[in-house]
There are 2 protein chains.
Amino acid sequence: MTFELSKEFAVELQRAVDKQDNVFIKNTLEGVNSADITETLEEFSSEDSRYVLSLLDVEIGAEVISDLDDDTLKKFLKIYSPQEISEYIEVMDSDDAVDILNEMSTDIREEIITALSNQEKIDHILDLMRYAEDVAGGLMAKELIKANVNWTIEQTIEEIRRQGENVTQIYSVYVVDNYNTLLGKVSLRKILLAKDGTKIKDVYTDEVISVQTNEEEEEVVSVMKKYDLEAIPVINMRGKLMGRITIDDVVDVMAEQAEEERQLMSGISEDVEEDDSIWLLTRARIPWLVIGLIGSFFGAELIGQFEDQIVLIPILASFIPLITATGGNVAIQSSSMIVQSLATKSVFQDSNLKRLLKVIAVALLNGLLLSLLAFTFSYILRHNFEVSIVVATSLTCVVLLASLSGTITPIILDKLGINPAAASGPFITTANDLLGLAVYFLVAYFML
Amino acid sequence: MTFELSKEFAVELQRAVDKQDNVFIKNTLEGVNSADITETLEEFSSEDSRYVLSLLDVEIGAEVISDLDDDTLKKFLKIYSPQEISEYIEVMDSDDAVDILNEMSTDIREEIITALSNQEKIDHILDLMRYAEDVAGGLMAKELIKANVNWTIEQTIEEIRRQGENVTQIYSVYVVDNYNTLLGKVSLRKILLAKDGTKIKDVYTDEVISVQTNEEEEEVVSVMKKYDLEAIPVINMRGKLMGRITIDDVVDVMAEQAEEERQLMSGISEDVEEDDSIWLLTRARIPWLVIGLIGSFFGAELIGQFEDQIVLIPILASFIPLITATGGNVAIQSSSMIVQSLATKSVFQDSNLKRLLKVIAVALLNGLLLSLLAFTFSYILRHNFEVSIVVATSLTCVVLLASLSGTITPIILDKLGINPAAASGPFITTANDLLGLAVYFLVAYFML
């Protein structure tokens, strides 16, 4: 019943494209889900993809194009004329259309919009283009089904019939007054089961959760997640119904967030994937490595200041990695706790002072436990009481400082509008290395 | 139109609970979404929550209980009698019911099931309890609407009316034959717009994507994401319709996955949150810190072997953090690239050999660039040509080795059924510290 995408299928299709075997192409792709066609065409050259799409229904082509990943899409759009693109845009949902138009230069964008014939589509697109991509207005589509509160069920069904072709997934019909103010919603099931002649006002519910156009996408995700919604209506500041966000867009946002966080935590500075070019992968990875390197040279200078001491007591050098590694691990744990808290923020959060006191308590407990262990190990291994005391003392300080910096950095980043996950990346590690080294050698300097 | 949850609301409600002001409690919570009640009650004591819920409809109570986070739920269930729990279970969706039953000991579970009066619910629960929690069967609910392919639209609407009360969200009606084999689906919209007397067989589509009961939850997430589905039917090996998974469960799975990955990457060994107790937070954080500490002691022993050399050329000690930090950063970048690839796996992936060659190419390019920089910096700062060459040479080796270990570890973990994100955590850092130190001092030993 389900189509199994395979490498063999792609090879066969490629062969048919090479031979221009149109009948074979059309027959093989008949009934195949557009998401599978997209995945296959992402492996093809742009010219071959265009050839395949030209043989399919324009609706299927539009779905394929809206599903392409950004890299492929850009290559793809280059070989199409504005006229061709506008044919696909014509049958796309308005949110997908705007996403694609945003990839293009202003003049090509205008050419495409001018080539559109459907005035309603043009209005929708122009309206959506006013919003930033990362707010509710930028996520929403204009296509939705709404009913006036004074309509009967029959009028509403007529509207569903009329609008049905434009709206791919209907979960609820939104209910508005004469001024397009959102009043509530009514489920398709209720409409289906209602008696003839029933008025919408008698069956709709006013318990509808909505977001405003300027709400940030993170907030939209968290509202839809909290209330288990499959779609959410978007209103403007005066409560007018402007559009609708569906759960598939929110799922995409969540996947992007996870990817972004992964990149930030590992110090990858661009949106790259394993199959990108060697050059692109290097470019994405080198910046944070260089920053780390520079940080380490500061560390080297710092250690250099204590060279005489190292010559006198060379065991001191042995514990350098212990101090830096533990500091790094503690800082990353701390910042990841905060990132998690920020991701699931609740109105019932403790005050900042209370949170900080707790961080200090946990850090002291962790620090003392680790120091006890470190003292025991180092004394057993080296039989040097003084150095063991230096290691234990500086380790407690380092754990405490790393906890504080790991806690405070993401909070500050978040306040500055920067993704707090960046705090769990190489930045924190590098800064903590320096901090740890300074503490360690200062303690050694004063105690030995 | 939407209710704004606030701290003040919680305080007022708490006051009403203390005064047992039932009228106030009922009035304030009238029409409040159950998700908001859940969030408020998570701040209350179990006894107070129970008191509030006893005043509300059992349906609302059931929703609140199914939404509680695991910690609160456990505390909560302790103070309820099996009889009370069974009243809530009676009105819950089967998947939520099973999640709660799984939290309890076998004998209490049996007591609760025995107390249920609805035989269909009992059958559903017993059926679902056969599946592991992390496969499609463990995610699905038994509640769904299905129609026989030979039915008319009127019969189907009658079924929707009959089943409607049990099924909270209807997206599609699933179409089956006389033997319950899944044949396809028909949208509510099509049913709404169909003429009287139409047969299901004339309006349903056989293009329905389904998953099998034993499919892993990651696979379910990726299928629903790829095809933008809001619900997916679950079939057994013989194609019989067994249940349905809705997108809200998938969204929860995605959020859990992100949280798990964050914890693995930062070396937190338990599912803790910032507001857990100091003891719990320490317990979750200390294991990986201790493992890192033990690793660092191996490192200390390793450096100890080269003490004579450090006494002769104390600058060598300065570059220890440079080697370990760069190795760690490179390894985490590499493993995070693999984790991302594994998360978005495609059938068109390159062969392992080709992937490995690419990793080596990127590593060499990164390694050479960094070494060139490191050589320049260290020569400018220290004017020691030999040591600068040692640093540059060992850095290239370390970047290469760290790339390889960072690439191979997550692949091996994934093959072993362990979450590959664990490779981006303290394990890789600790292992790479040791590897880096060994390379650095061996290069120094042979070159100086």
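Yes/no per residue for (1) within 11 Å of the chain's Cα centre (by Cα); (2) aliphatic (A, V, I, L, M):
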{"residue": "A:Asp248", "(1), (2)": "no, no"}
{"residue": "A:Val251", "(1), (2)": "yes, yes"}
{"residue": "A:Ala255", "(1), (2)": "yes, yes"}
{"residue": "A:Glu261", "(1), (2)": "yes, no"}
{"residue": "A:Glu270", "(1), (2)": "no, no"}
{"residue": "A:Asp276", "(1), (2)": "no, no"}
{"residue": "A:Leu281", "(1), (2)": "no, yes"}
{"residue": "A:Ala284", "(1), (2)": "no, yes"}
{"residue": "A:Pro287", "(1), (2)": "no, no"}
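Given the conditions (1) of a type in the set (S, T, N, Q); (2) touching a Ser or Thr at 6+ places or on another chain (Cβ under 9 Å); (3) under 15 Å from B:Lys240 (Cα atoms), report the number of the one that B:Asn180 does not fulfil.
So B:Asn180 meets the others, but not (2).
Could you list, in sequence order, all residues of the stretch B:189-202 that are crowded, with 18+ Cβ neighbours inside 10 Å and without any contact (Cβ under 8 Å) to a residue 24 or more places away in the chain?
Selection gives B:Arg189, B:Lys190, B:Leu192.
Are any of the residues in the stretch A:223-241 more than 7 Å from chain B (Cβ to nearest Cβ) and in a helix (DSSP H, G or I)?
yes
Among the listed residues B:Val173, B:Val186, B:Val167, which satisfies the condition of being within 34 Å of the chain's Cα centre (by Cα) and either in a loop (DSSP other than H, G, I, E, B) or not assigned by TED's automatic domain parsing to the domain that holds B:Glu219 (or both)?
Result of the check over B:Val173, B:Val186, B:Val167: B:Val167.
So the check is Cβ under 8 Å with 6+ separation or different chains; which pairs have a first residue in the stretch A:253-266 that's farther than 19 Å from A:Thr430 by Cα and a second one that's surrounded by 18 or more Cβ atoms within 10 Å (Cβ to Cβ) and of a type in the set (D, E, K, R)?
A:Val253/A:Glu217; A:Ala255/B:Lys225; A:Ala258/B:Glu261
Is it the case, given these coordinates, that A:Ile247 is within 8 Å of chain B (Cβ to nearest Cβ), without any contact (Cβ under 8 Å) to a residue 40 or more places away in the chain and either farther than 25 Å from A:Arg130 by Cβ or surrounded by fewer than 16 Cβ atoms within 10 Å (Cβ to Cβ) (or both)?
no
Just wondering, is there one or more residues in the stretch B:292-310 that are β-branched (Val, Ile, Thr), part of a helix (DSSP H, G or I) and farther than 24 Å from A:Leu434 by Cα?
Checked the stretch B:292-310: no residue is β-branched (Val, Ile, Thr), part of a helix (DSSP H, G or I) and farther than 24 Å from A:Leu434 by Cα.
Please determine whether any residue of the stretch B:184-202 is in contact with a strand residue (DSSP E or B) (Cβ under 6 Å, 6 or more places away or on another chain) and within 30 Å of B:Glu133 (Cβ to Cβ).
yes
Matching residues to (1) in contact with a strand residue (DSSP E or B) (Cβ under 6 Å, 6 or more places away or on another chain); (2) surrounded by 14 or more Cβ atoms within 10 Å (Cβ to Cβ); (3) in contact (Cβ under 8 Å) with a residue 12 or more places away in the chain; (4) not basic (Lys, Arg):
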{"position": "B:Lys7", "(1), (2), (3), (4)": "no, no, no, no"}
{"position": "B:Arg15", "(1), (2), (3), (4)": "no, no, no, no"}
{"position": "B:Ala35", "(1), (2), (3), (4)": "no, yes, yes, yes"}
{"position": "B:Glu43", "(1), (2), (3), (4)": "no, yes, yes, yes"}
{"position": "B:Val64", "(1), (2), (3), (4)": "no, yes, yes, yes"}
{"position": "B:Gln119", "(1), (2), (3), (4)": "no, no, no, yes"}
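Please go through (1) surrounded by fewer than 20 Cβ atoms within 10 Å (Cβ to Cβ); (2) more than 14 Å from chain A (Cβ to nearest Cβ); (3) more than 28 Å from B:Met254 (Cα to Cα) for B:Glu158 and return the number of the only condition it doesn't satisfy.
With respect to (1) surrounded by fewer than 20 Cβ atoms within 10 Å (Cβ to Cβ); (2) more than 14 Å from chain A (Cβ to nearest Cβ); (3) more than 28 Å from B:Met254 (Cα to Cα), B:Glu158 is out only on (2).
Can you tell which of A:Glu219, A:Glu207 is within 8 Å of chain B (Cβ to nearest Cβ) and either surrounded by fewer than 20 Cβ atoms within 10 Å (Cβ to Cβ) or in a loop (DSSP other than H, G, I, E, B) (or both)?
A:Glu207
For the stretch A:318-354, which positions are at pLDDT 85 or above, more than 19 Å from B:Gly425 (Cβ to Cβ) and within 7 Å of chain B (Cβ to nearest Cβ)?
Scanning the stretch A:318-354 gives A:Ser318, A:Phe319, A:Ile320, A:Ser341.
Of all residues in the stretch A:122-145 being assigned to a loop (DSSP other than H, G, I, E, B) and over 17 Å from the mean Cα position of the chain (by Cα), which is nearest to A:Glu111 (Cα to Cα)?
A:Met129
Looking at (1) closer than 18 Å to A:Glu59 by Cα; (2) in contact with a Gly (Cβ under 7 Å, 6 or more places away or on another chain), which one does A:Tyr131 not meet, given that it meets all the others?
(1)
Conditions tested, residue by residue: (1) over 21 Å from B:Gly299 (Cα atoms); (2) part of a helix (DSSP H, G or I).
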residue	(1), (2)
B:Leu395	no, yes
B:Val398	no, yes
B:Leu401	no, yes
B:Leu404	no, yes
B:Leu413	yes, yes
B:Ile418	yes, no
B:Ile428	no, yes
B:Ala431	no, yes
B:Phe446	no, yes
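The values are calculated or read from the model by the stated rules, or taken from the named source; none is laboratory data. Predicted, not measured: the structure shown is a model, and the values here were computed from it. Methodologically, a virtual Cβ is constructed for each residue, glycine included, from the backbone with ideal geometry; neighbour enumeration extends over all protein chains shown.
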